[in-house]
Amino acid sequence: MQSRKYLIIAGAVAVAALAVWFFFFRGPSAEELAAQMEGMDPELAELTRLLDENPKNDSLLYARARVFYNLEAYDEALKDLNAAISVDSMKPRYYHLLADVFMDYARPNDSRRAIEVLKLATKRFPGRIPTLLKLSEFQLIVKKHGDALVTLDEILKQDPQNAEAFYMAGRVALDQGDTLSAVGSLKKSVSLDEGNEDAWLFLGRIYSNQNNPEAVQYFDNVLRIDSSSLEAREFKGAFYKRRGEFDKAFEIYRDIILRNPDYAYAYFDMGMMYLEQDSLAKAYTHFDIAIKTDPIFVKAYYYRGVAAEAQGNLTAALGDYKQAYGMMPQYGEAKAAKERLEKQAGK
């Protein structure tokens, strides 16, 4: 009884602390922002109308918070979640979304607050595996590998055959650079759940980096589960590209483009293969399409510059190197290429 009483008090204190965070947020109210966006988002307008009629409905507050979150209106999402939790503090999904908002909000200490929210949730809902899994995922994101492993161990004590926990253990090991342990955990995950496409995909990526032909089977396993996966196709194409099997790679990338003409990485990877084959005009064209498809694709600017320079168009090349460097000043290759051509031009 004493420990439960302590848990209730601790939880109340933590919720109060969260409320303090919200108190200091400024900007328009949720209702004002909803009014501003009403013409653009009918779902937001409808939820606001319903909340005007029933302002203490925690389910509606949560639903509107999710819409605000998807619109990246994080302050407003936080306010609605705070209100929802104050009405009903025993809904795990409210804490999960609250943690997502904090994790995605690019302000100092927000990732720490995301972890704190999930730790509070694990105390409020002891032994709840989805909450523990989410906590381990966030601990991995912030590089708290030891904490993540402790959380995963807690899951496996409850459920020694939990495929998702082994998947997360593989992700932690991979992030630590322990490829052998990562493979062991990921293989354990798929042995328990053959439908875990994320685990198959990471296995494929590991084996692809090792130039191991088994990678193809792992990517095919992803496609067996989800035949529409462009990511698995791209990694499979990249594997063939790395091995110099360009015909197979081109076939895969063309298939990706047929399925999604806006998939910029497919154009980029084809450009890289044309560059290796000294098909400079085709390489330039494909890098150009990648940029038009994704205007913030920094590497595509750099390699379009490489293709332009190889064709003798130094003005265009310098423009692309400057663009790549300006978008990413830490991009060493772009910086070096820019300075080299500027020196050549006497600038």
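Points worth noting:
- Inside region 315-347, residues that are assigned to a helix (DSSP H, G or I) and open to solvent by 50 Å² or more (accessible area, probe 1.4 Å) make up a count of 13.
- Test: residue in region 159-178 that is in a helix (DSSP H, G or I) and polar (S, T, N, Q): no
- Sub-9 Å Cβ pairs linking a first residue in region 208-225 that is touching a residue at least 60 places away in the same chain (Cβ under 8 Å) to a second residue that is part of a helix (DSSP H, G or I), at least 6 apart or interchain, number zero.
- Those residues of region 50-71 which are open to solvent by 30 Å² or more (accessible area, probe 1.4 Å) and basic (Lys, Arg), in sequence order: Lys56, Arg66
- Options Ala238, Ala249: the member that is free of Cβ contacts under 8 Å to residues at least 60 places away in the same chain and within 22 Å of Arg171 (Cβ to Cβ): Ala238
- Residue within region 103-114 that is modelled with pLDDT of 95 or more, open to solvent by less than 30 Å² (accessible area, probe 1.4 Å) and within 24 Å of Asp153 (Cβ to Cβ) present: yes
- Ala163 vs. criteria within 29 Å of Ile256 (Cα to Cα), of a type outside the set (S, T, N, Q), at pLDDT 95 or above and open to solvent by less than 30 Å² (accessible area, probe 1.4 Å): no
- Among residues of region 324-347 that are free of Cβ contacts under 8 Å to residues at least 24 places away in the same chain, those with a beta-carbon under 6 Å from a residue that is of a type in the set (Gly, Ala, Ser) and part of a helix (DSSP H, G or I) at least six positions away or on a different chain give the pairs Tyr325/Ala334.
- Qualifying residue in region 305-314 (condition: under 32 Å from the mean Cα position of the chain (by Cα), more than 21 Å from Asp269 (Cβ to Cβ) and buried (at least 16 other Cβ atoms within 10 Å of the Cβ)): no
- Residues located in region 94-113, provided they are under 16 Å from the mean Cα position of the chain (by Cα), hydrophobic (A, V, I, L, M, F, W, C) and part of a helix (DSSP H, G or I): Leu97, Ala99, Val101, Phe102, Met103
- Single residue of region 191-212 satisfying the filter (among the small types (Gly, Ala, Ser) and part of a helix (DSSP H, G or I)) that is nearest to Glu245 (Cα to Cα): Ser208
- Residue selected from region 86-99 under the condition aliphatic (A, V, I, L, M) and open to solvent by 10 Å² or more (accessible area, probe 1.4 Å), by the criterion farthest from Phe138 (Cα to Cα): Val87
- Positions within region 263-283 being within 22 Å of the chain's Cα centre (by Cα) and not small (Gly, Ala, Ser), in sequence order: Tyr263, Tyr265, Tyr267, Phe268, Asp269
- Contacts under 9 angstrom Cβ, first residue in region 262-278 being farther than 15 Å from Val306 by Cβ, partner open to solvent by less than 30 Å² (accessible area, probe 1.4 Å) and in a loop (DSSP other than H, G, I, E, B), 6 or more apart: Ala264/Phe297; Tyr265/Phe297
- Filtering region 244-262 to residues that are in a loop (DSSP other than H, G, I, E, B), modelled with pLDDT of 95 or more and either surrounded by 15 or more Cβ atoms within 10 Å (Cβ to Cβ) or over 24 Å from the mean Cα position of the chain (by Cα) (or both) leaves only Glu245.
- Of the criteria (1) surrounded by 22 or more Cβ atoms within 10 Å (Cβ to Cβ); (2) within 18 Å of Ala99 (Cβ to Cβ); (3) not aromatic (Phe, Trp, Tyr), which one Glu154 fails: (1)
The values are calculated or read from the model by the stated rules, or taken from the named source; none is laboratory data. Please read all numbers here as calculations on a predicted model, not as lab measurements. As a convention, Cβ positions derive from the backbone with ideal geometry for all residues, glycine included, and neighbour counts pool all protein chains shown. Side chains included, ligands, DNA and RNA excluded: accessible areas come from the protein's heavy atoms. Shrake-Rupley method; radii C 1.70, N 1.55, O 1.52, S 1.80 Å.
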